[in-house]
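K.L.:
Take this structure, written in structure tokens, and hold onto it; I'll ask about it next.
The values are calculated or read from the model by the stated rules, or taken from the named source; none is laboratory data. Just so it is clear, the structure is predicted and the values come from calculations on it, not from any experiment. Quick reminder, even Gly has a Cβ in these numbers, built from the backbone with ideal geometry, and neighbours come from all protein chains shown. Side chains are part of the model used for accessible areas, which takes the heavy atoms of the whole protein and leaves out ligands, DNA and RNA. Shrake-Rupley method; radii C 1.70, N 1.55, O 1.52, S 1.80 Å.
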Amino acid sequence: MTDLGRIRLFHTVRGPVDAPVLLLVHGWGGDGREWSEHAEVLAGRFRVVVPDLRGHGRSEVPAEGNTPEEMAADLAALTEALGTGPVIAVGHSMGGQVVNLLAVHHPHAVRSVIALDPAHGAHGEEVEQIPARLAAYRERGAQAAAAFVAAAFGPAAPTGLSTAHVRTMLGTPGHVIAQAYAGMYVDDGAVGIRPASEAHLRRRTQPALTVWTSAEAAAWERGTLRTAASRVDHWPGTGHYLHEEHPRRTVRLIEDWADGGLA
């Protein structure tokens, strides 16, 4: 646990102190344990920092401010406290939104971005469902969110993965679930809905790799790219937790991105 003044964050650090730094960021209602397999392998050649975001896991749980924007500011403070210099910021789902916010609002902290099925670009039916979902999360917290998690895995997901994530979600305080969801999509300055996402991503100056499980979302985001060397990949046939359904492929993706000079 590191007291950053603004928040106390739990995190782990593995790997050589003089190696390039990876920051691996979990998503909504999760914690850093979802990066355990990746971190163990990647620590052979990178310095790997894995935090629990505010309100999640073993980190401090504030009464207010459990939003992606505040989470990004926390990570900027954490990298400064650790003296990492610019990091390769990797995030899944809400964590993908957080690392892009980190890149835009704290550009000195980020060398490049990898976002896996990120929480941006919402449109159509998904946007129409946001008010009802937010009302459910405010009323029933993690109990309502657990249904989303349970349905988010592909048929080839490892046994036990869905159960592990449902348990982690159910252990996350209800007000954190609701505040984080509102922060992603409806609060002032939220960047999760497509027009706001497009404006936000245009402000990102670092090279970025985004991986989508949706072909439509991948095609949309390719049209937003403005930075040289950025790209969007599509991984069909997998669930939302693609990094855990395909951990070895994800490790190779990160290593190849770094080896391509974009670290």
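K.L.:
Between residues in the stretch 72-94 that are under 24 Å from Met184 (Cα atoms) and residues that are of a type in the set (Val, Ile, Thr) and at pLDDT below 95, which pairs lie under 7 Å by C-beta distance while being six or more apart or on different chains?
P.N.:
Here the result reads Leu78/Thr2, each pair linking the stretch 72-94 to a residue that is of a type in the set (Val, Ile, Thr) and at pLDDT below 95.
K.L.:
Only residues that are touching a residue at least 24 places away in the same chain (Cβ under 8 Å) and either among the hydroxyl-bearing types (Ser, Thr, Tyr) or open to solvent by less than 20 Å² (accessible area, probe 1.4 Å) (or both): list them for the stretch 145-160, please.
P.N.:
Ala145, Ala146, Val149, Ala152, Gly154 - these are the residues of the stretch 145-160 that are touching a residue at least 24 places away in the same chain (Cβ under 8 Å) and either among the hydroxyl-bearing types (Ser, Thr, Tyr) or open to solvent by less than 20 Å² (accessible area, probe 1.4 Å) (or both).
K.L.:
Here is a list: Ala89, Ala132, Ala119. Which entry is touching a Ser or Thr at 6+ places or on another chain (Cβ under 6 Å) and either within 22 Å of Thr213 (Cα to Cα) or open to solvent by 30 Å² or more (accessible area, probe 1.4 Å) (or both)? Steps first, please.
P.N.:
Details: Ala89 fails: touching a Ser or Thr at 6+ places or on another chain (Cβ under 6 Å); Ala132 fails: touching a Ser or Thr at 6+ places or on another chain (Cβ under 6 Å).
After applying the criteria, what remains is Ala119.
K.L.:
I'd like to check something: does the stretch 120-133 contain any residue that is of a type in the set (A, V, I, L, M, F, W, C), touching a residue at least 12 places away in the same chain (Cβ under 8 Å) and outside any helix (DSSP H, G or I)? Before you say what the answer is, go through the steps one by one.
P.N.:
Within the stretch 120-133, the first condition is being of a type in the set (A, V, I, L, M, F, W, C), and the residues that meet it are 122, 127, 130, 132.
Next cut, touching a residue at least 12 places away in the same chain (Cβ under 8 Å) only: 122, 127, 130.
If we keep only those that are outside any helix (DSSP H, G or I) too, we end up with 122.
The answer is yes, given that some residue of the stretch 120-133 is of a type in the set (A, V, I, L, M, F, W, C), touching a residue at least 12 places away in the same chain (Cβ under 8 Å) and outside any helix (DSSP H, G or I).
K.L.:
Please identify the pairs in which a residue from the stretch 221-233 that is in a helix (DSSP H, G or I) has its Cβ atom under 6 Å from the Cβ atom of a residue that is surrounded by 15 or more Cβ atoms within 10 Å (Cβ to Cβ), counting only partners at least 6 apart or on another chain.
P.N.:
Correct list of pairs: Glu221/Thr210; Glu221/Val232; Arg222/Val232.
K.L.:
If you scan the stretch 105-114, which residues turn out to be over 14 Å from Ala258 (Cβ atoms) and out of contact with any helix residue (DSSP H, G or I) (no Cβ under 7 Å at 6 or more places or on another chain)?
P.N.:
Those that are over 14 Å from Ala258 (Cβ atoms) and out of contact with any helix residue (DSSP H, G or I) (no Cβ under 7 Å at 6 or more places or on another chain): Pro107, His108.
K.L.:
Any residue at all in the stretch 163-184 that is polar (S, T, N, Q), under 30 Å from Ala258 (Cα atoms) and assigned to a helix (DSSP H, G or I)?
P.N.:
Start the filter on the stretch 163-184 by keeping residues that are polar (S, T, N, Q), which leaves 163, 168, 172, 179.
Subsequent filtering for residues that are under 30 Å from Ala258 (Cα atoms) retains none.
Within the stretch 163-184 (the criterion being polar (S, T, N, Q), under 30 Å from Ala258 (Cα atoms) and assigned to a helix (DSSP H, G or I)), the answer is no, since none of the residues qualifies.
K.L.:
From the set of residues in the stretch 118-144 that are more than 17 Å from the chain's Cα centre (by Cα) and of a type in the set (A, V, I, L, M), which is nearest to Gln179 (Cα to Cα)?
P.N.:
Taking the candidates together, the pick is Leu134.
K.L.:
So for the stretch 93-104 (the condition being closer than 20 Å to Val48 by Cα, hydroxyl-bearing (Ser, Thr, Tyr), touching a helix residue (DSSP H, G or I) at 6+ places or on another chain (Cβ under 7 Å) and not in a helix (DSSP H, G or I)), does at least one residue qualify?
P.N.:
no
K.L.:
Still on this structure, I have one more. In the list Ala219, Ala229, Ala208, which residue meets the criterion of being open to solvent by 30 Å² or more (accessible area, probe 1.4 Å) and modelled with pLDDT of 95 or more?
P.N.:
Among Ala219, Ala229, Ala208, only Ala219 is open to solvent by 30 Å² or more (accessible area, probe 1.4 Å) and modelled with pLDDT of 95 or more.
K.L.:
Considering only residues that are surrounded by 14 or more Cβ atoms within 10 Å (Cβ to Cβ) and of a type in the set (Val, Ile, Thr), which ones fall in the stretch 161-181?
P.N.:
The answer is Val166, Thr168, Thr172, Val176, Ile177.
K.L.:
Kindly provide the set of residues from the stretch 16-51 that are open to solvent by 40 Å² or more (accessible area, probe 1.4 Å) and assigned to a loop (DSSP other than H, G, I, E, B), ordered by number.
P.N.:
Answer for the stretch 16-51, where residues must be open to solvent by 40 Å² or more (accessible area, probe 1.4 Å) and assigned to a loop (DSSP other than H, G, I, E, B): Pro16, Val17, Asp18, Pro20, Gly44, Arg45.
K.L.:
Based on what the data block shows, is Ala63 part of a loop (DSSP other than H, G, I, E, B), of a type outside the set (Ser, Thr, Tyr) and open to solvent by 50 Å² or more (accessible area, probe 1.4 Å)?
P.N.:
yes
K.L.:
How many residues does the stretch 14-34 contain that are touching a residue at least 60 places away in the same chain (Cβ under 8 Å) and not aliphatic (A, V, I, L, M)?
P.N.:
9
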